[in-house]
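Reading through the structure tokens given below for one structure.
The values are calculated or read from the model by the stated rules, or taken from the named source; none is laboratory data. This structure is a prediction, so every number in the text was calculated from the model and none was measured. As a convention, Cβ positions derive from the backbone with ideal geometry for all residues, glycine included, and neighbour counts pool all protein chains shown. Heavy atoms of the whole protein, side chains included, go into the accessibility calculation; ligands, DNA and RNA do not. Shrake-Rupley method; radii C 1.70, N 1.55, O 1.52, S 1.80 Å.
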Amino acid sequence: MARTRKALPARVDTAHLISAGVLAAVCPRPLIDEVLAETGKASQRERLLPAAAVVYYVMALALWREAPLEEVLRVVCEGLHWLGGGQAEAVQASKSAISQARTRLGPEVMRRLAQRVLRPLAAPGAPGAWYRERRVMALDGSCLDVADEQANAQFFGYPTAVRGQSAFPQARVLGLVECGTHAVVAADIAPYARSEKAMAAQVLPDWLRKDMLLLADRGFYSFKLWQLASGSGAALLWRVSATLKLPAQQVLGDGSYLSTVYDSSADSARRHGTTVRVIEYALHHSATPTENSYRLITTVLDADQAPGLELAALYHERWEIESVFDEFKTHLRGASTVLRSKTPDLVQQELWGLLLAHFAVRQLMAQAAWQQQLDPDRLSFMHAVRVIKRKMPQAAAVPP
């Protein structure tokens, strides 16, 4: 019996064509429509590039960093099958039309999508993601170069250099990462002058959960931030400076000891301190002798619940977040070392799209690893990106 191939509409909605593959798995069309309605950014009239299409396009920019702006749209749309049938025509749009569409969308839609989408991925007991009953998380920040335009310079600012200032303005990104999956589960973006510690004080109460164990480097410690983070119910394991006074008040069986930290700026009499457990150790084979001594403090006061040797080994999982920043600063961006957006709003929009695209890749990798009972760390991030870029143009479209 002869079959009739389903014909394409005369005018294909771009948003449906690129609602495919990993991007649609992370940001389904109904969720995008909901956020667009909440922010008042839904398209009010029929456009070649409706708002929902631009959302997918911004995420796709992170996967095709090497392509011109107008080519990214063609690469994403061209070759998509319409319900497994005929080929969909590529949507042609000029560089100025794409820029206008992105400007209409603004950064808030992408930020709210990230707040709704970014989340921990590992189920309880998933390989490499948990320490006993706690989900292992890491907190850190990084800076990314943005286009050297006057508006970007005024908003983001330049880092200082040995002579004058650096060549490009920089945006600061703070991220909370699930160490076992490398998934960025929450993030914040700010000008360069805003410190990571100040950013963390503003967002940590909303980010942390009681089932988390948060790792952080010594640059984050302050009494107020420690109190703020521990008040969430999450367990903390932070490195602290060697200059912080931590006299041993009770030595525990595993060699760690209890001490008390105080707010030195407001409690000169030291009457209102907080008890912490201190773990000190050294790496005898460190390549940098000045960095081989570590001092950690934790909210887990019972050595039986978390032996000091285990926590010392666990702390070095914090370096997983450095790999995460490398993934989206180096591997996703490729040779394009500077974000290409020319205005602060579009820079922030591009960064949120970059974070969403990274999450999409990491979610796919985690699912693939767990099907084979593997730790997601065993898989190659760049190989996953290449597979996605190769397969996305052949992905089946989601029907209207």
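Summary table below
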{"quantity": "Per-residue SASA entry for residue 293, accessible area with 1.4 Å probe, Å² rounded to 10", "calculated": "70"}
{"quantity": "Rounded, prolate or oblate (a/c below 1.5 giving rounded, otherwise prolate when a/b exceeds b/c) for segment 97-173 by Cα gyration tensor", "calculated": "oblate"}
{"quantity": "Per-residue HN-Hα couplings for segment 238-249 [Karplus 6.51, -1.76, 1.60; θ = phi - 60°; Hz; x = Gly/Pro]", "calculated": "10, 7, 10, 5, 5, 7, 6, 6, 9, x, 6, 9"}
{"quantity": "Accessible-area value, residue 383, 1.4 Å probe, nucleic acids and ligands omitted, Å²", "calculated": "100"}
{"quantity": "Sequence-distant residues sharing a close amide H with residue 232 (under 5 Å, placed H)", "calculated": "none"}
{"quantity": "q = 0.10, 0.11, 0.22 Å⁻¹: log10 I(q)/I(0) that the Debye formula gives for segment 184-314, counting C-alpha atoms only", "calculated": "-0.35, -0.42, -1.43"}
{"quantity": "Calculated from backbone phi, Karplus (6.51, -1.76, 1.60) coupling profile of segment 130-145 in Hz, x at Gly/Pro", "calculated": "10, 10, 6, 9, 10, 7, 7, 10, 9, 10, 6, x, 7, 10, 10, 5"}
{"quantity": "Segment 169-195 residues near the modelled residue 38 label - backbone nitrogen below 18 Å, point 7 Å along Cα→Cβ", "calculated": "185-189"}
